[in-house]
Amino acid sequence: MDLPKSYADEIYETKQLIKKLKNKPEPAEDSSWEQFKNSLRIIQHSEWELFSLFFINIMLSLDYYILTTMIPLYFSQQQGASDTGAGIVFGVVGIVVGILAIILGPFVNKLGCKQSLIISSGCTFIGYTLLLVTRNLAINLIGVICFLTVGCAMSWSVVELGAKLYTAKEARNTSNSLLMMGNFVSGILAGTAIDFIWTNNSNLNTTYFAIYSTAAIAAGLSLFIAISMRQPIENEEEEEEIAFTRDLYIKKKFWRFSALIGLLILLRSGCFGQLDATFPKYLTRQEGEKAHFGAYLALHSTTMLICTIGFTPLSYQFSSYSLILAGGFIGSISPLFLVIGGSNFYYICFVIVVSAGESLWVPRLLDYTMRIAPKGEEGTYLALCNCPFYFGMIVTGVFSGSLLEVYCPENGENNCEKMWLIIGVCGIMIPFLLVVLRKMLEQPDTEENPYISCVKEGNQNYDKVPIN
């Protein structure tokens, strides 16, 4: 495909500038801070599509935060579902998104960033529009299950892949952190909007209409920007085969990574996901219907934004797996604050600690995935990378709904402290497993035989090969 001369010149000049920055002599001590600053300079001179991608990520992440925060409340208050029923809807959304992410992940490589972003933004816009126009249960479920799930399933994979394609290799750790920071900015926006709308409207119909209108506008902006973007050069010059093939499944790397993701699904559902599914309902039952759970969502995202900036230099000093472990341990102790007491001080401590842990392990999981994913198979690996946020929702939803009904019901006596103790005990077990199983789960730098032993390729002799 012939590129317009202006576009070709722009790409050439940008790449030459980035090349100079990459070849810039480093100081005598190649500190993690110096590497971090140099990566920021490289990103500063990247193509404008990278910054458009960051904006789209904020819009689609805002839609995700609104969806996961409001589902349990919406289906209980507007559709008359029980805590368990609303939790099941929350979980079904997660499992459908997870399945679709794995199925659609390989096609992200084939479709390219622009087309995938258009599909994701368009489906999200349609889904929220259906929630706006009617309170009919069947239509609402269609909007959530058939459209919003597709939008969520594609959004993170394509945004993460686009960030890789638009960013020089030396700056990808920082680019990934900026991507996560965009998610946190969207969380601040979502929490602030929800809190303002929720506390200033007495009519629930008006409240949900205003909240879902905000989400629909964000999806519309994302769609408009996606249509105006240009495809990455790599996608225009290379024809990638869809990676959903036998070769993907007979490699040890794939199954090792899948096992790690399986444990992170349990970590996310047992600990971090409770901030979305359990905490808003818990707060309304402790503080009343005008509880400021949106403000705590904003605090969560603000903490993650600050901590991600502070923790990013650590990624140049410690392995991604080590930082995933550290984040898991920090986050899993957060429910203990709600065991101790139920006041604003303990609410704030819970949110800050769980947010600090999440800001440590989530960006580093993305780094780890980018490092081990073979070329042409990034879509599948990124889909797996996001599974803790999707499949974790089914465990979180059912777990949360059952615990709320038993220990923290809307009416009658409650023992909410015991609920948070159970959540804390379940959550802390997963980081310990990640430590015990580290040698089995962490991808080695080289591997004598990359194939599993039960296939013919696994019985051949191989020299040690790098992970990619």
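The table that follows gives values for the structure above.
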quantity: Tabulated pairs, region 284-309, first free of Cβ contacts under 8 Å to residues at least 12 places away in the same chain, second part of a helix (DSSP H, G or I) and of a type in the set (D, E, K, R), C-beta under 9 angstrom, 6+ apart or interchain; calculated: A291/R285
quantity: Positions within region 276-286 being in a helix (DSSP H, G or I) and either at positive phi or modelled with pLDDT of 80 or more (or both), in sequence order; calculated: F279, P280, K281, Y282, L283, T284, R285, Q286
quantity: Extreme residue, modelled with the highest pLDDT, among residues of region 184-196 that are farther than 10 Å from G294 by Cα and touching a Leu at 6+ places or on another chain (Cβ under 6 Å); calculated: S186
quantity: Residues within region 197-212 that are touching a Leu at 6+ places or on another chain (Cβ under 6 Å) and either surrounded by fewer than 21 Cβ atoms within 10 Å (Cβ to Cβ) or farther than 16 Å from T134 by Cα (or both), tallied; calculated: 0
quantity: Index of the failed condition, G412 passing every other in (1) free of Cβ contacts under 8 Å to residues at least 12 places away in the same chain; (2) assigned to a helix (DSSP H, G or I); calculated: (2)
quantity: Any chance G151 is modelled with pLDDT of 80 or more and touching a Phe, Trp or Tyr at 6+ places or on another chain (Cβ under 6 Å); calculated: no
quantity: Qualifying positions in region 220-232 - in a loop (DSSP other than H, G, I, E, B) and either among the hydrophobic types (A, V, I, L, M, F, W, C) or under 20 Å from the mean Cα position of the chain (by Cα) (or both); calculated: M229
quantity: Complete set of residues in region 371-421 that are of a type in the set (F, W, Y) and over 21 Å from L266 (Cα atoms); calculated: Y407
quantity: Condition broken by V354, with the remaining ones in (1) more than 21 Å from the chain's Cα centre (by Cα); (2) modelled with pLDDT of 90 or more satisfied; calculated: (1)
quantity: Criterion violated by Q115 - all others in (1) at pLDDT below 75; (2) over 20 Å from G392 (Cβ atoms); (3) part of a helix (DSSP H, G or I) satisfied; calculated: (1)
quantity: Complete set of residues in region 167-219 that are assigned to a helix (DSSP H, G or I), closer than 19 Å to S315 by Cβ and not polar (S, T, N, Q); calculated: K169, E170, A171, R172, L178, L179, M180, M181, G182, F184
quantity: Subset of region 366-380 that is assigned to a helix (DSSP H, G or I) and touching a Leu at 6+ places or on another chain (Cβ under 9 Å) - its residue that is surrounded by the fewest Cβ atoms within 10 Å (Cβ to Cβ); calculated: D367
quantity: Members of region 90-109 found to be touching a Phe, Trp or Tyr at 6+ places or on another chain (Cβ under 7 Å), crowded, with 24+ Cβ neighbours inside 10 Å and of a type in the set (V, I, T), listed by number; calculated: V97
quantity: Residue list for region 130-163, restricted to those being of a type in the set (V, I, T) and closer than 18 Å to L50 by Cα; calculated: V158, V159
quantity: The listed residue being of a type in the set (S, T, N, Q), in contact with a Gly (Cβ under 8 Å, 6 or more places away or on another chain) and crowded, with 24+ Cβ neighbours inside 10 Å, out of T124, T192, T167, T129; calculated: T124
quantity: Leading residue by the ranking (surrounded by the most Cβ atoms within 10 Å (Cβ to Cβ)) among those in region 324-365 that are small (G, A, S) and not in a helix (DSSP H, G or I); calculated: S334
quantity: Flag for T199 being over 25 Å from C113 (Cα atoms) and either modelled with pLDDT of 85 or more or in contact with a strand residue (DSSP E or B) (Cβ under 8 Å, 6 or more places away or on another chain) (or both); calculated: no
quantity: Filter result for G273 (over 13 Å from L360 (Cα atoms), among the small types (G, A, S) and surrounded by 22 or more Cβ atoms within 10 Å (Cβ to Cβ)); calculated: yes
quantity: S202 closer than 30 Å to G85 by Cβ and over 20 Å from the mean Cα position of the chain (by Cα); calculated: yes
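Every residue, every condition in (1) aromatic (F, W, Y); (2) within 14 Å of W156 (Cα to Cα), yes or no:
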| residue | (1), (2) |
| --- | --- |
| V92 | no, no |
| G98 | no, yes |
| L104 | no, yes |
| N109 | no, yes |
| G112 | no, yes |
| I119 | no, yes |
| T124 | no, yes |
| Y128 | yes, no |
| L131 | no, no |
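The values are calculated or read from the model by the stated rules, or taken from the named source; none is laboratory data. Predicted model, so just to flag it, every value in this text is computed and none were measured. Positions of Cβ are backbone-derived with ideal geometry, glycine not excepted, and every protein chain shown enters the neighbour counts.
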